[in-house]
Amino acid sequence: MRTAAPNTLVARGLIILLMIVTLLPFLSMLSAALAPQGTYPNGLQWPADPQWGNFVKAFEVAKMDQLLLSSALIVLGVVPVAVLIATMAGYGLAKLTTNKYKWLYLVFVFGLTLPFEAVITPLYYEVRALGLLNTRFAIILPLIGLYMPFGVYWMRAHFLNVPHDLTEAAQLDGATRWKEFVLVQVPLARPAIMSLTILLFLWTWNQFLLPVVLVQDPMQRTMAGALGAFQGQWGTDIPLLCAGSLLILTPTVVLFLIFQRQFVAALMQGAVKG
Amino acid sequence: MTDTISSGPGAPKPALRPSQRRGSRKATMTASLFIAPAAIAYAAFVLVPLGMSFYYSLLRWDGIGEARFHGLTNYITVLTDSDLLQIIGNAFQLVLYFTIIPVGLGLAVASAIRGQMAGRFGTVTRTVLFLPQVIPLVAAGIAWSWMFASTGLVNQTLKAIGLSSWARGWLGDFVWALPAVGIIGAWVLLGLCTMLLVTGITKIDTSLYEAARLDGARPWHEFRYITLPGLRQEIGVCITVTVIAALASFDIVYISTQGGPGITTTVPGLEIYRLAFAHRQVGLASALAIVLMVLVLISIAPVQWFTRDKK
């Protein structure tokens, strides 16, 4: 069938090359992070006397414990609410409305390609008018809204594939609809909800533009936003900067390694959103 | 506002049975209760700000004092000012790197390996190649600022292979800063595109390749007439994601170059931020924001049209 042995070798070589290119920046950061503080290390060179203490120093300087808490609070404020209301709307649009309301769905989908930069200026004035500038709510509330196009699109696509006889069983009033949603539909939608949760978690944790514009205090920001401030402050101390950056990206990487399969599936399906 | 009972997915249902008609008003109520929370959040933090963006774009306003109606002047500035045009052009140059490198390499890997990514090798590959998707773009920016630094790995490598004359501070170089930023984006998107295309190619019927081989098709012909059409959807997805990432880029540029040297790496996202919050030209910033949104839509539309599943 396939007589492609040399071909496979080429392919494996190519893939291994890609993997090396992917990993090199991390290794280079690690080697720099272990160099003595205040020195100018070389690109990739295992230091004679690795300074693991740099990580401790970076942890303290960056106030990592507070940052973790801040990011966790923001994620907890955004993700459960966003997933819940996106699931409800996805169900409503897929199962409770006729084609007459397709426009409503199209309005949601319109937001899919919207760059956050297109609304960041008015968001600033809006959040300021709400008196929420420099609080975590300045990040939480807008993100919930900004995630709706993708969330609703995602959950509606799931509910469209649920066999129809499940829902058409009876003429349901509001209360029974709600019951059916909670007891039947949501449990069935678990894989889709799981993927959406993973994606929204990553996007929130890594969100940069909103924290930079809307929150001055790095301790009220997300991890990514705080990393920007950390670079501004320690940008010239390469070992400390690299140690701090590696620490800041550790939590998501650890989670990713544990839930590798789910993350990859979510990211691949999530990309197909376009 | 009567018939709101659910119909088949996507398809309009001609007429409702009488039993269904009775509860239809109630059903409308229920449906709107389900949809309302998402709609309110979306309206409050996307649609209203978007409307405001458009309104601001017609003003001359420093964000504090009185705003004056300015007509379409801001748009004319965006489309004629040579700096702003260069900034928009920078974003399109980034597309070349963000899109062509990942899609090209991804296609090469996918067609070479053609679906043999099972087992441990596959798992390791997936894990490694997805790492850049999991970390914040800011971290990618910092990592690569270090790679491109004067004592960084890129220069170290060049010196090691005897190309010392090529070594330079890449991100501070007027010619090379923008390509360097492009490489950062390509690095971030490479794994995602590769995996999408590798997964996509496994869905192509292998008998097509066997038949082609029996007919004496060259590898190039296989690629052109089987692989490319078979991967049309996946390629479309990759192009869409990467083009949006390039045109709407902010994080990477903000961290690695701050838009410099000069404005050689400034992109619209960064310029909107600067105009609105540093230069207090809210009107002009908003006009650029609207133009950016439209440019993204215009760039994506043909990709969607060409690669849609034509069933």
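The values are calculated or read from the model by the stated rules, or taken from the named source; none is laboratory data. These figures come from a predicted structure and were not determined experimentally. Don't worry about glycine lacking a Cβ; one is built from the backbone with ideal geometry, like all the others, and counts go over all protein chains shown.
Take the residues in segment B:186-233 that are among the charged types (D, E, K, R) and under 19 Å from B:F306 (Cα atoms), then tell me which one is nearest to the chain's Cα centre (by Cα). Step by step, filter segment B:186-233, then rank; the result is B:R232. Summed over segment B:275-304, the residues that are within 11 Å of chain A (Cβ to nearest Cβ), surrounded by fewer than 24 Cβ atoms within 10 Å (Cβ to Cβ), of a type outside the set (S, T, Y) and not in a loop (DSSP other than H, G, I, E, B) give a count of 14.
Of everything listed in (1) free of Cβ contacts under 8 Å to residues at least 24 places away in the same chain; (2) small (G, A, S); (3) crowded, with 17+ Cβ neighbours inside 10 Å, the single unmet condition for B:G106 is (1).
Residues that are assigned to a helix (DSSP H, G or I) and of a type in the set (K, R) were ranked within segment A:99-154; the one that is farthest from the other protein chains (Cβ to nearest Cβ) is A:R128. B:W220 - would you say it is part of a helix (DSSP H, G or I), within 13 Å of chain A (Cβ to nearest Cβ) and out of contact with any Gly (no Cβ under 9 Å at 6 or more places or on another chain)? No, not satisfied.
Just wondering, is there one or more residues in segment B:195-208 that are polar (S, T, N, Q) and in a loop (DSSP other than H, G, I, E, B)? For segment B:195-208, residues polar (S, T, N, Q) and in a loop (DSSP other than H, G, I, E, B): present. Within segment B:263-274, the set of residues being in a loop (DSSP other than H, G, I, E, B) and within 11 Å of chain A (Cβ to nearest Cβ) comprises just one member, B:V267.
Going through segment B:53-74 one residue at a time, which ones are of a type in the set (F, W, Y) and surrounded by 19 or more Cβ atoms within 10 Å (Cβ to Cβ)? Hits for segment B:53-74 are B:Y56, B:W61. Of all the listed residues (A:A11, A:A48, A:A58), the sole one being touching a helix residue (DSSP H, G or I) at 6+ places or on another chain (Cβ under 7 Å) and surrounded by fewer than 23 Cβ atoms within 10 Å (Cβ to Cβ) is A:A11. Applying the criterion of at least 3 residues that are at the interface with chain A (Cβ under 7 Å from one of its Cβ atoms) to the helices (runs of 4 or more DSSP H) found wholly in segment B:81-136 leaves B:101-113, B:119-134. Spot the failing condition for A:L166; the list is (1) touching a His at 6+ places or on another chain (Cβ under 8 Å); (2) modelled with pLDDT under 85, and only one is missed. A:L166 satisfies every listed condition except (1). Filtering segment A:229-246 to residues that are in a helix (DSSP H, G or I) and surrounded by fewer than 23 Cβ atoms within 10 Å (Cβ to Cβ) leaves A:A229, A:Q231, A:G232, A:Q233, A:W234, A:L246.
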